[in-house]
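Just below is one structure, and these are the notes that go with it.
The values are calculated or read from the model by the stated rules, or taken from the named source; none is laboratory data. Values in this document were obtained by computation on a predicted structure and should not be read as measured data. Positions of Cβ are generated from backbone atoms using ideal geometry, with glycine treated the same way; all protein chains shown enter the neighbour counts. With ligands, DNA and RNA removed, areas are computed over all heavy atoms of the protein, side chains included. Shrake-Rupley method; radii C 1.70, N 1.55, O 1.52, S 1.80 Å.
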Amino acid sequence: MSETNLESRVIVFAPVANDANAMAGMLRQNGVSAVIAGSAPQCRTLMEGGAGALLLTEEALRELRAERTMELLRRQPPWSELPLLILTSGRAARLADLLESTAAAAGSITLLQRPVASALLLRSVRVALSARARQYQVRQLLADQAARQQELETAKTTLERELQRRREAEAALGKWAEQDSEPERFPRWVRYAGAAAALIFAVAVRQAFQAEVQNRLPFVTLFGTVAITVWFAGFWPAVGVALLGYVGCAWLFVPHAELLTATDVYAFVLYAVGIALILAIGLAMRRAHAQARANARMAIERQRHAERALAERDRAEARARELDERLRVAVKNSRFVLAQCDADLRYRWIHNPHPDFPQAIGRRDDELDRGRGALELMALKRRVLDFGQGATGDITIEGPTEARSYAVVAEPLRDAAGRVVGVTTAALDVTDRKRAEDALRESEARARAQAVELEAVYESSPLGLSVLDTDLRFRRINRRLAELNGRSVAEHIGRRVEEIVPGVAEQAAAALRQVLATGQAVRVELRGATPSVPGEERIWDEHWAPLRNDKGEIVGCVVVVEEVTARRRYEEAVRESEERFRAMADNVPQLVWMARPDGRVFWFNRRWYEFTGATPEEMGREEQLDALMHPQHRDRVRHGFMAAVAQDRPWEETHPILGKDGRYRWFLSRAVPIKDADGRTTLWFGTNTEITVLRETQDALREAQRQVRQYAAGLEQTVAERTARLQETVQELEAFSYSIAHDMRAPLRSMIGYADILNEEHGGNLDDTARDYLRRITVSARRLDRLIQDVLNYSRIVREELPLEPVDAGQLVREVVEGYPNLAAARAAIAIDPGLPAVLGNRAALGQVYSNLLDNALKFVPPGVTPAVRVYAEPGAAPRADGRGEWVRLCVEGNGIGVDPKVRARMFQMFQRFTRAGLYEGNGMGLAIARKAVDRMGGVIGVEPAAERGTRFWFILPMAPATPAAEWE
């Protein structure tokens, strides 16, 4: 298991193994890592390995105290407060003892009263793990900061070590420059051997050139030898070569008698001077070359050391930048409030400051807030400065807007010498957590109340409830089942079923074996006697469900028991009653059958089988019942009966049924629903009564009725012929009246025209009386012309066909108002409702209706009153008989003089006027035309008082269908 998994696991410790297994199993099922501690030492070992929370019972807490595990909790680092969740019995004395024993050991303690709900326990564990995860975040931040400091110290040490090596290298190079170390490249004997070889070479050259040089300057050939020797072998070998070479050459090539001449002495002096010059120049050049090489080596070495130092410094800076970046990202994304304070406890930098104190740099806590929380935080930091050790605490900062709680971890900040120069703090805002804890406590209280309620339900349940182990021992039982068994609850616990209810022990063992074998719940019926009612057989309907542990193993059964003795006896009585009913139904002359609530027939009496010749097996097939029905009536009968079933109403129908002789005979079939006490249909009871004789009598009656209808048809034809002649006469009269009315308009137009000309051309020559007469002639002629026009309109509406089509009532009303001059002048007084629908009518006739109603509404207004007319619709007046929609009620409402209720019945008749003559214009034809037009369109028109004052004329027309015109035509 990885370190992360160890730190997020929950250690479960309970002395009772079943309790620990149940709690751990529930946590694992919900994705929480849980490990069970079998003993207090094992719990201590697991805690040392790492844990996210510790879940234990109060009995386990006593064992932990005996094993001194609390010392391990007290020695936690400053950032660590291992959450403890303790299951208690809820007694006040025990709670006080637990709090006293654990308060100093852990900072987060959650007490859960048993029995605890699974959801509450899971929520509490997740809150504790979340708090523990935040503690590990604080630890990681502190570890990262310490690692960064350590790496910086390591980089500093490395740089100092490299500088020391550089100084040592420079000193060594200085020594090399002072030494003549060139010859040291060869051993001493090699150098001297080289000098001897050079001397031999010089003598050989002298011998080769003896003829040319004779005895002059026998030492000249030694100059190169000396130069080579001083360069290669050093100073003293070169001196030796020079002396030996001179003496040897002088001895070999110069006569001995001439060795001590003045010339030889002079030559020796010159030789010595030359050799000295050669030695000096060679030595100086050799040392200069050695110094140049030493300087070059020193420069190269310095460059190498500098490159290594720079590379090391770059690596140290890169590591420092990486640590800085990691720390910056961690700080940026952290929910912690991180800060550093100097020795005076003034903030040097801060991350995620309190929202009420954004400008905290350079200030102290007591300067930001005078509350108790600020003083406690100052005291915590001062304690870290004084003692040089970390400290933790819970601080509440009272800001101007709100109070927030923080969990604070403070550590000393040290310089390179280890002196405490400030304080580093990491604070986590735990306001929400504290609120969550408060909510959790409230939830725990509710959970305890629910547990009490569940316990009350368990104990007061009308069903018997118990828990049995695999040995059929009672682990738990409620009061109801104990009463059924005739023993107390205490007498059941720990005892086997055969000891309590021996009469059902074998049946219970069989049920348990079935549960263990299948792993599924089973339902069984047990019969036997109990101590409560000895000697009497009782019946129980029991549900056995497996009880599993956290490993999925079946460790027992949960049993739900319901005594059904009275129910079974009632069912037996019902069966006896059904048998009596069947005997009675089989002996009646009718065909009797019964159907289920969904209409499927499931039983027929014996008379049915005798008539049809079918067997019960054949009638069990639904198609057999259809085969006995006449093909022409089969669908009608089935649909009718199913409709009655759907509406839960009695059914009655007549239809033929096929008998075993191959003949169809007519039956009157009836069925009624049989309902229970709650009014629900439990079955259908039906009968078929033969009515073949009655049917034959009805056929004879229908024949007689047919003859009567034939006579009536002849009579109707006679009436139709006379009606046609009458309609022809009416049409001729209508045409005559239309012609008369049309021909009368010609002289009226002449009268009106000549009167207008007379008034325009000679009106000034007439006196007032003559002009009044002339005006009366014009007015009367115009009134008669309007009357004739109305008669023509009425005749046209009566005579012509009015094809119906969808008409937009709103658009039509606006066109009528704009097209009629008298209506257009009063347009402002007419309010047209925008919701006027499309209706099914004739456009011209509907326009005539609206024009007459609007003209009346504007005309019949009391003197001095401004007309106000409203046109609107009231849909949904009534459904149409053809099923194609609804009727709509169209209204024209005005604030006129109103209508006397006595004359409403005559208002729509021709030439009816109900106002004093001369007060209002009119000829009594407008409403008659409107009524006739609405009648021809299949509607109804009427009048009623308005809501406030005035009159409301209304007419009802069918609403236009949504289907295309071709379809409704």
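All distinct Cα pairs of the range 461-569 go into the 1/r average, and the inverse of that average, the Kirkwood radius, is 13.9 Å. Over 11 Å, how big is the tail of the calculated P(r) for the range 839-879, in percent of all Cα pairs? Cα-Cα pairs of the range 839-879 separated by over 11 Å account for 72 percent. Look at the Cα gyration tensor of the range 589-744: its axes a ≥ b ≥ c give a/c of at least 1.5 with a/b over b/c, and that counts as prolate.
Measuring nothing but protein heavy atoms, the accessible surface of the range 589-744 at 1.4 Å probe radius is 55 percent carbon and sulfur. Normalised per residue, the accessible area of the range 369-515 is 52 Å², obtained with a 1.4 Å probe and no contribution from ligands, DNA or RNA. For R123, the accessible surface of its heavy atoms amounts to roughly 100 Å² (probe 1.4 Å, protein chains only, rounded to the nearest 10).
For the modelled label position 7 Å from the Cα of E578 along Cα-to-Cβ, which residues of the range 650-689 have backbone nitrogen atoms closer than 15 Å? Zone members listed by number: 682-685.
Taking Rh as the Kirkwood radius, which is the inverse of the mean 1/r over Cα pairs, what is the Rg/Rh value for the range 509-552? Can you show the working numbers first?
On the way: Rg = 13.7 Å, Rh = 12.1 Å.
Computed over Cα atoms, the ratio is 1.13.
Looking at the range 539-592, the GluC sites (Glu not before Pro) that sit in a DSSP loop and have at most 12 other Cβ atoms within 10 Å of their own Cβ are E553. Counting heavy atoms of the protein chains alone, K675 has an accessible area of about 90 Å² for a 1.4 Å probe. What FRET efficiency do you get for E622 and I674 if R0 is 22 Å and r is their Cβ-Cβ distance, rounded to the nearest 0.05? Working from the Cβ atoms, E equals 0.55. Spread over its residues, the convex hull of the C-alpha atoms of the range 513-605 is 170 Å³ per residue.
If you bin all the Cα-Cα distances of the range 334-438 at 10 Å, starting from zero, the percentages per bin are 15, 51, 27, 6, 1. The heavy atoms of R126 offer some 120 square angstrom of accessible surface to a 1.4 angstrom probe.
Distance between the C-alpha centres of the range 1-50 and the range 537-612: 52 Å, rounded to the whole angstrom.
Ligands, DNA and RNA left out, the 1.4 Å accessible surface of the range 461-569 is 49% carbon and sulfur atoms.
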